[in-house]
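Here the structure is laid out as structure tokens; the discussion comes afterwards.
Bear in mind these aren't lab numbers, they're just calculated from the coordinates by the rules spelled out. Keep in mind the model is a prediction, meaning the values are calculated, not measured. Cβ atoms come from the backbone with ideal geometry, glycine included; neighbour counts cover every protein chain shown.
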Amino acid sequence: MHCHQFAAQPLTRREMLARCACGFGSVALAGLAGGATPAPPGYRGRAKSIIFLYMDGGVSQVDSFDYKPALQRYDGKPYSEKIEPTQFADIGNTLASPWKFARHGESGLWVSELFPHIAKQADKLCVVRSMVSDFSEHNTANYFLHTGFGQAGRPSMGAWLSYGLGSETQDLPTFVVINGGLVPSGGPENFAAGFLPALHQATMFKPQALPVANLRCPDGMTNERSRDVQQLLASLDAGVAEQYAHDDAIESAIANYELAYRMQQAVPEVAGLDDEPEYIRRLYGLDSKFEGTQIFGRECLLARRMVERGVRFIELTCPNLSGYDRWDAHSNLVNNHSENARTVDQPIAALIQDLDARGMLDETLVVWAGEFGRTPFAQRTNGRDHNPFGFTIFMVGGGVRGGMAYGQTDEFGYRAVENKVHIHDLHATMLHLLGIDHTKLTYRFGGRDMRLTDVHGELVTDILL
């Protein structure tokens, strides 16, 4: 005889955790990140992942993808148009591009000779020539590009994507930064989770065989022993969590412990580039005589392997090589941009070609961008100053149209004059391509619903398929 008047006594939190073979961290991870199943978007996105190619310091648009013949006509003459008060005092004359431009592909996109490899992928590029930002200084402009806000403390766009869609892999982070050596001005706050649970902040990788510290167990520590330690930590933290009820900080820490344990197996495999065919290694420039190309080639190849394994958002930073600076060419423009372009050109073209050949480009959005551009007039005699008033980025795959240029700057390339695209618009469009309505991706903080695009942002519909 069964009595239905008495229900079984529910398990206490501690009892439940004690009976869970995988520990508290798995519970936390499932709750905070949605397990391995993405949160259902409001509509189906074209892309599943983003590879963000960050060009640290600001590439000159008039020397890369925004061809301006007027600079040749007025080269060496005083710049005749209004100059913004944010520019430095060492303002020189109009400065023509030292590089030749040519049309490429069936689309006829203008690309300078700085990027001979990327030029071959012209028909896949969506070049936005009318980007604008609110900030002229590196720190604030970097925060704005990465977090949609000009000060430190907000979640990075990768963190928002992790929060909004969750993870497609249990064994790798959702948001990864592959650090070639140059952390953006402003520091790791560019990759932080801000007020979101810490689970969503970036994990920093290096483009090396063992890209994360402490992947291997210390001498005398077996995998089984390591698992026991993780479970002990989980049980201790569970006791604290029980006292304080639900606590994002504690549960995120436990989830990160669990993820770190699984990464000990997964990361060496994903970072083991030696199993790639020789032609792929050559394609990415891993055999290059130039160290910068080798490093960035490893970054791009590692990014492709991460996308294959379900990582949502991967940002690549530029290598830190002696003898030249990031793209921040206040002087010696020719050497600065030549060496930086030599570093990234072949690997980026290889990444686009490789993703396309594997049928992955339609579901992977590649974004190439810096925090701002450069001026069409010289700083001193042979450099260019910061320019947030009209600069260029490009996007590839993931639901954007290829072989097109969108927007326009004035005849000198200083200000956007047609179809301006604000950083907030870029963020809104990136989220849209992954199936997220930027107005609905919110998190309650400080008494109001916060979002990546704040109260701004419009979709750039003309560039979408």
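Here are some notes:
- Placing unit charges on the Cβ atoms only, positive for Lys and Arg and negative for Asp and Glu, gives the stretch 47-125 a dipole magnitude near 240 debye about its Cα centre.
- Overall, the anisotropy analysis places the chain in the prolate class: the square-rooted eigenvalues a ≥ b ≥ c of its C-alpha gyration tensor yield a/c not less than 1.5, with a/b exceeding b/c.
- Options Gly187, Gly164, Gly108, ranked by Cα towards positive dipole end of the stretch 81-200, top entry (Cβ charges): Gly108
- Projecting label points 7 angstrom from Cα along Cα→Cβ for Ser331 and Asn93 puts them 2.0 nm apart.
- Under 11 Å, Cβ to Cβ, from Gly399 - net charge with Lys/Arg +1 and Asp/Glu -1: +2
- Backbone N atoms of the stretch 326-344 closer than 20 Å to the 7 Å Cα→Cβ label point of Glu291 belong to residues 326-328, 335-344.
- Averaging the sequence gap over all C-alpha pairs within less than 8 Å and six or more residues apart, then dividing by the number of residues, gives the stretch 83-154 a relative contact order of 16 percent.
- When the helices of the chain are scored as -39500 (n - 2.57) per DSSP H run of n ≥ 4 and the total is divided over every residue, the value at 222 nm lands at -10000 deg cm²/dmol.
- Sequentially through the stretch 357-374, phi angles give Karplus couplings (6.51, -1.76, 1.60; θ = phi - 60°) of 5, 8, x, 9, 5, 5, 10, 10, 8, 9, 10, 10, 7, x, 6, 6, x, 10 Hz, Gly and Pro residues having no value and appearing as x.
- Sequence-distant residues sharing a close amide H with Tyr406 (under 5 Å, placed H): Val127, Val128, Arg129
- Electrostatic dipole magnitude of the chain [Cβ: Lys, Arg +1; Asp, Glu -1; Cα centre; debye, to 20]: 360 debye
- Net charge of Cβ neighbours under 12 Å - reference Asp275; Lys, Arg +1; Asp, Glu -1: -2
- Listed peptides 335-341, 45-51, 451-457 by packing density, highest first (mean Cβ within 10 Å): 45-51, 335-341, 451-457
- Note on Asp410 and Gln208: their simple-model spin labels are 4.8 nm apart, each label 7 Å out from Cα toward Cβ.
- Going by neighbour counts of Cβ atoms within 10 Å, the residues Tyr324, Tyr54 line up, fewest first, as Tyr324, Tyr54.
- Across the stretch 86-241, the relative contact order, built from alpha-carbon pairs under 8 Å that are at least six residues apart, equals 15 percent.
- Each other residue within a Cβ distance under 10 Å of Ala329 adds +1 if Lys or Arg and -1 if Asp or Glu, for a net charge of -1.
- Over the chain, Cα pairs under 8 Å with separation of 6+ residues give a relative contact order of 28 percent.
- Over 29 Å between alpha carbons, listed pairs Lys289/Lys420; Lys68/Lys206; Lys68/Lys120; Lys68/Lys289; Lys82/Lys420; Lys420/Lys440: Lys289/Lys420; Lys68/Lys206; Lys68/Lys289
- The chain - share of DSSP beta bridges that are antiparallel (%, nearest 5): 55 percent
- Here the Karplus relation 6.51 cos²θ - 1.76 cosθ + 1.60, evaluated at θ = phi - 60°, turns the backbone of the stretch 284-300 into coupling constants of 7, x, 5, 9, 5, 7, 9, 4, x, 5, 4, 5, 5, x, 5, 4, 5 Hz, with x for every Gly and Pro.
- On full extension, the segment bounded by Glu106 and Ser322 gains 73.9 nm, given 0.36 nm per residue less the C-alpha separation.
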